[in-house]
Amino acid sequence: MDGVKLHGFWLSPFSHRVVWALKLKGIPFDYIEEDLPNKSALLLQYNPVHKKIPVLVHGSRPVCESMVIIEYLEETWPQCPLLPTDPHERAVVRFWVKFIEEKSPNVWIVYRSVGEEQEKAMRESVEMLSNLEEHGPNKGKKFFGGDGINIMDIAFGGVACWIGAIEEVSGRQIFDAAKFPRLNAWKANFKSSPVIAENLPDREKLREHLARLREKRLSSSTHK
Amino acid sequence: MAGRVVLHGMWASPYSKRVELALKVKGIEYEYVEEDLKNKSEELLRYNPVHKKVPVLVHDGKPIAESLVIIEYIDETWKEGPRLLPQDPYERAKVRFWAGFLQQQLFEAIFAVIKTDGEAQERAGKEVHEKLKVLEEGIKGSYSGGSPFINGNSMGLLDTVVCSILGAHKIQEEVLGVKFLDPEKYPTVTSWVTALAELPLAKETMPPPEKVAGLLQFLRSKALESAAA
């Protein structure tokens, strides 16, 4: 079996999603920490389109985009499935993954903007959470995947586990636990579950790093 | 595969059109409900409460939303008939990657050209060319130019996406007074799109050029009006 390498970045939720999937499936891999201001020549060769992490390299074949990578892992290593077998159920899960991919950038816009732009992103972020709270599958169960974690949990984990630090650094509250009791319970389940708990960025380091980046960005003269 | 199939769509929606193409490639019998987006049906709102958008495919009463999710569902459910995605996981990953790129990057850039004028439109136009250049480089390996179908012998998911976004490029270019598909700069993409647009399946499914022209003009004037307001 060809070796698996993951080019990632400790701060990145997208990178973490792939780590979670690899570890949940018990797939051995080598991890390469990319220094993002100084991307490696290999990274640029493997992802010429976006020049971003994560990139999974299986043998010599690169796969890019976190959720595309995870579907690839699911199809190549069927053990510990992260998707249901029924096509309709799969379609529902993929719908929600797409929803999360589409709406979650707003959370990052809250982090890095101010004023009207931030207000709009706040509204969109809260609406995203409302939709998940009300319509997300497997209400009453531990995870969106039911008793076990699936790709929707992984996708949302890449948002939910970063929201706290974003809130601290930006001073805005996105995730009001009282308004989103279901998601709050989900978050506790997800963060404490094995594999996930051992693979989260250090909270203090994350907060510090995000605070520094935000200050730099907002004080730079080119910021719009 | 038995079961009643209903597609809630809208003639001007590229998302809706690509699902129609996929259904026809598979030879699936379906009922079509043309939604009036200013007066959405009660079913549509019930079937897609999150986005309230087309397309929605309803199979045996069970709804599926999001065009690319629908097409993957179709491929997994109707196993007879041509494949819409390749079998090999790595090839599938490439299809998903490029479908995402086309939708998020290229489509958005083209939309920006439609909705702007002056300098903003020029910038948007440059974006489109950048994206086309990336696409050209990316798919050069996969497309021999021998057949219009990017994977195998029949229209697949990626072909339906390209057809729905770039199939009407001639009309887009005419109405907007821009040039997107330059065969010298983007030979692979141009020959792919041209071949797809010529297929009887595309001709019978995609909206007629006059309707597309009218839609583009409407979208453009609406956008420019509200920008000036």
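Hey, got the average number of other protein chain Cβ atoms within 10 angstrom for residues in A:92-98?
Neighbouring Cβ atoms belonging to other protein chains average 5 per residue here.
List the accessible area buried at the contact between B and A, summed over both sides and calculated with a 1.4 Å probe, in Å² to the nearest 100.
2300 Å²
Name the shape class, rounded, prolate or oblate, that the alpha-carbon gyration tensor gives for the range A:179-224, where a ≥ b ≥ c are the square roots of its eigenvalues, rounded holds for a/c under 1.5, and otherwise prolate holds if a/b is larger than b/c and oblate otherwise.
oblate
Restricting things to alpha carbons, tell me how big the protein assembly as shown is in terms of Rg and Dmax, in Å.
Rg and Dmax of the protein assembly as shown, Cα atoms, are 22.2, 62 Å.
For residue B:32, list long-range residues whose amide hydrogen, built 1.01 Å from N in the peptide plane, is under 5 Å from its own amide hydrogen.
Here B:7 satisfy the definition.
A 24 angstrom limit on the alpha carbon distance is what I want to check against. Which of B:131/B:222; B:17/B:79; A:52/A:103; A:103/B:115 exceed it?
Check vs 24 Å cut-off fails for B:131/B:222.
In whole angstrom, and with the biggest value first, how far do the Cα coordinates of the range A:127-194 range along each principal axis?
For the range A:127-194, the Cα spread along each principal axis is 34, 25, 17 Å.
Could you state the principal axis extents of the C-alpha atoms in the range A:43-130, from the largest down, to the nearest angstrom?
Sorted largest first, the three principal extents are 47, 37, 18 Å.
Explain nothing, just the number: dipole magnitude of chain B about its Cα centre with +1 on each Lys and Arg Cβ and -1 on each Asp and Glu Cβ, in debye rounded to the nearest 20.
220 debye
Please report, ordered by residue number, every helix of chain B (full DSSP H runs) that is 27 Å or longer along its axis going by C-alpha atoms and whose mean Kyte-Doolittle hydropathy reaches -1.0.
Going by DSSP H runs, the hits are B:118-139, B:209-228.
Semi-axes of the equivalent ellipsoid for chain A, please: Cα gyration tensor eigenvalues, times 5, square-rooted, ordered largest first, whole Å.
Rounded to whole Å, the semi-axes are 27, 25, 15.
Roughly how crowded by other chains is peptide B:94-107, in terms of the mean Cβ count from those chains within 10 Å of each of its Cβ atoms?
Mean partner-chain Cβ count within 10 Å for B:94-107: 3.
Thinking of the range B:106-223 as a set of Cα atoms, what percent of all their pairs are more than 22 Å apart?
Result: 33 percent of Cα pairs exceed 22 Å.
When DSSP beta bridges are limited to those with both residues in the protein assembly as shown, what percentage is antiparallel, rounded to the nearest 5?
In the protein assembly as shown, DSSP labels about 70 percent of beta bridges as antiparallel.
Once you put a point 7 Å from the Cα of residue B:211 and another 7 Å from the Cα of residue A:135, both along the Cβ direction, what distance in nm separates them?
2.7 nm
Counting partner chain Cβ atoms within 10 Å of every residue's Cβ in A:68-74, what's the average?
Mean shielding count: 4.
Semi-axes of the equivalent ellipsoid of chain B: what are they in whole Å, largest first, if each equals the square root of 5 times a C-alpha gyration tensor eigenvalue?
Here the semi-axes work out to 28, 24, 15 Å.
How large is the helix-only mean residue ellipticity at 222 nm for chain A, computed as the sum of -39500 (n - 2.57) over DSSP H runs with n ≥ 4, divided by its residue count, in deg cm²/dmol to the nearest 500?
-18000 deg cm²/dmol
In nanometres, what is the gap between the two model label sites at residue B:60 and residue B:117, each 7 Å from Cα along Cα-to-Cβ?
Here the modelled spin labels are 5.4 nm apart.
What percent of all Cα-Cα pairs in the range A:106-163 falls in each 10 Å bin, counting up from 0?
22, 45, 24, 8, 0
Projecting each Cα onto the charge dipole of the range B:170-229 (Lys/Arg +1, Asp/Glu -1 at the beta carbon, about the Cα centre), which of B:194, B:224, B:207 comes out farthest on the positive side?
B:224
If you roll a 1.4 Å probe over chain B with all protein chains in place, what percent of the accessible area is carbon or sulfur?
Roughly 53 percent of what the probe reaches on chain B is carbon or sulfur.
Ranking request for peptides B:172-179, A:97-104, B:218-225, B:161-168: highest mean number of other beta-carbon atoms within 10 Å first, then the rest in descending order.
Result, highest mean first: B:161-168, A:97-104, B:172-179, B:218-225.
At 1.4 Å probe size, with every protein chain present, just tell me what the per residue accessible area of the protein assembly as shown comes to in Å².
46 Å²
The values are calculated or read from the model by the stated rules, or taken from the named source; none is laboratory data. Here the structure is a predicted model, which is why all the values come from computation and not from measurement. Note: ideal-geometry Cβ built from the backbone for every residue, glycine included; neighbour counts use all protein chains shown. With ligands, DNA and RNA removed, areas are computed over all heavy atoms of the protein, side chains included. Shrake-Rupley method; radii C 1.70, N 1.55, O 1.52, S 1.80 Å.
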